[in-house]
1. Mind sorting B:Phe278, A:Phe19 by how few other Cβ atoms lie within 10 Å of their own Cβ, fewest first?
2. With an 8 Å cut-off on Cα pairs and a minimum separation of 6 or more residues, tell me the relative contact order of chain B in percent.
3. Percent of alpha carbon pairs in chain B separated by more than 48 Å?
4. In which sequence would B:Met241, A:Met61 go, from the one with the fewest C-beta neighbours within 10 Å to the one with the most?
5. Taking K and R as +1 and D and E as -1, what net charge do the other residues with C-beta under 10 Å from the C-beta of B:Ile339 add up to?
6. Using a simple charge model, +1 on the beta-carbon of Lys and Arg, -1 on the beta-carbon of Asp and Glu, nothing else, what dipole does chain B show about its Cα centre, in debye to the nearest 20?
7. Report the local net charge at B:Gln233: Lys and Arg +1, Asp and Glu -1, summed over other residues whose C-beta lies under 14 Å from its C-beta.
8. Amide H to amide H, which residues 5 or more places from B:Ala240 or on other chains are under 5 Å from it, using H placed in the peptide plane?
Amino acid sequence: MTKTRALKYATLLSTGAVFFVFAWGNVQATRLGYNIEELRKEIKVLETGNKYLKKEIQLSMSPERLQAEAVKLGLVYPEPDTIVLLEEKATDKPAKGWLARLF
Amino acid sequence: MTAKTVRTRIQACLFLAALPAVPIALRLFYLQTIRHENLSETASKEFNRTVSEVGPRGRIFDAAGSLLAESIVTWDCALLKKELRDPARDIETLSSVLNLPGKELQARYRKGRNFVPVKKTLDQATAEKVKALKLAGVRLDARQNRYYPSGNLARNILGLVGNGRGLTGVELLYDKVLSGNVSRREIIRDGSKDGKIIFQSKMDDGRTPLDLHLTIDKNIQFFAQEVIKKYAQKNRSDLAMALVQDPETGRILALATYPEDPVKIEPVEWVYEPGSTFKAVTLAAALEKGTAGVTDSFFCEKGAWALNSRVTLHDHEPEGTLSLSGVIERSSNIGAAKIGLKLGVENFYLYVKSFGFGTKTGLGFPGESSGILRPIGKYRAVDLAVGSYGHGLAATPIQVLNAYSAVANGGRLMETRLVDKITTVEGKPVFANELSVVRRVISAGTDGIVKEILKNAVERGTGKNAAVPGYAIAGKTGTSKKIDPGTGKYITDKNVASFCGFFPADRPRYAILVILDNPKVLHYGGETAAPAFQEIAKKIITLKGLKPEKSLLERKTVASGPVTD
């Protein structure tokens, strides 16, 4: 095989390789595009789901709901004169036990 | 055949084989270069789409950071008749998933042309169920929807939203702050039937909405709403309101109305004659100007005083001579008129204006009223006399509460605040609403005397139903007749009952105004509004853990006496 013919084959192969890489790149870009879009959708669904769960928490914490639950349990509002507020003394030191540290 | 002939033939064949490629190459050249722009534009139109998406509105929080309003994605379900494969079966399946009566949906299907709306504001779980059916011709459109996690809590303040825009209340007032951004995206779809998205890019993310933090305390607002509903129903009143303010800062902690109406903000729009609650303003002005003193006494004419040949003033209870404190405790109109007349028109008018009457509070709501205060030039002696006990002038509930807050905080009229701060979604402050003093109205010395007299009014006067054993409550009852808007005359059997006060009286933290419009069971402020005040105060005391000012033994002593005002 002469040098010229080898050069021709090399040029042909490299041109083919360039086209292949270009085509492969495009295919990959499209595939990744689909993947990204799938993930984007998934994120959106999860974010919305998260919002709905937070909504449930907020709903269960609403004063109206809490009062209804409290009434069901037979709880009533205390009158101010039934509450004795204890003053914290300066000498009162916080507990140091393992249970106190835990909480 | 010579080699030359063979080569010539091969060349001819090659030429003939290559010949069709020439017009193709020329055509390609023409399409790729000369018609490139037009064709790529057409292709873009086919596969690329620029879509606009409205983002969620900003959130609204209370003072403690509890969520009051937020936007959430919901789905609207619709049918495209032409795309349904088996309409009868599809409708049946869909109606069972959406809990809709099948017959109703079928009737709607028959009436509709192609687009048939099925159900709006589906939550995520329901929308997922519909998607899972994979029915051709069933459409789900996502849209931002406003929801209120605490139900009706503070709805009269929050207002309404329609098509992503604020229509009333805070939603309208702060629409620019809360509005959701419109983001634009360029989307490239493939050629499949569903047109799957291959790529999308953000072109313009628009302005990010901000979060609004109100001064409202969710729990106090709830208490106020519950109590005002109870007393409005009990007394069959047309309208009832309970307002709570922090007198030190002017921050509104609760604005409750019953019946709840998210279209109107009654505490700033509705006007009424404040009646005897206004006596505190006359008293403060007279003490500040020195036209009345704590040792002064006033003869209350045994319940009827002819001011001139046409006007006679009346008291609810016939009274003889009363001390300055007694005039307020017993709520004598004649005593208050005499204090007002000694004060004089100019001084009275000056202090009424200084306490904020006749001026909007600056909350900024479109329908806010400045009340009705006739020009000083038109004030006659009779106007001054009746004005001294809150007649012949009209105020909004927020003005009355703000004036009482000024009395509570040592004499400073504070700028009313409903918005605490504005932050980004991440919580970074953008704007903080600092407290602001409008003016000093009365001195601290005068203020101390007024507070003491208002304390007496609760301990042994007409406001005794507002007393909370163990706690120093200061306040004043009020009962005013309603005016017929047609004739401009007072209606004898319709009145507005109110009570305005604050506690703990020595270092007030909460100022409360309760109003019942046209109560039909009990009529006086001392009978209707004062107990409502007491109930709200008790709940706030328990909630906030306020310490009693009296010992356990002293707590249960409440004086008896008339509450007819």
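Any read-out appearing in this document is the output of simple, stated calculations on the displayed coordinates, not a laboratory observation. Source: prediction; values computed, not measured. FYI the Cβ positions are ideal-geometry reconstructions off the backbone, even for glycines, and counts take in every protein chain you see.
1. Values: B:Phe278 29, A:Phe19 10.
Listed from fewest to most nearby Cβ atoms, that is A:Phe19, B:Phe278.
2. 14 percent
3. 35 percent
4. Fewest-to-most Cβ neighbours within 10 Å comes out as A:Met61, B:Met241.
5. So the environment of B:Ile339 carries a net charge of +2.
6. So the dipole magnitude of chain B works out to roughly 2240 debye.
7. It works out to a net charge of 0.
8. B:Tyr258, B:Asp517
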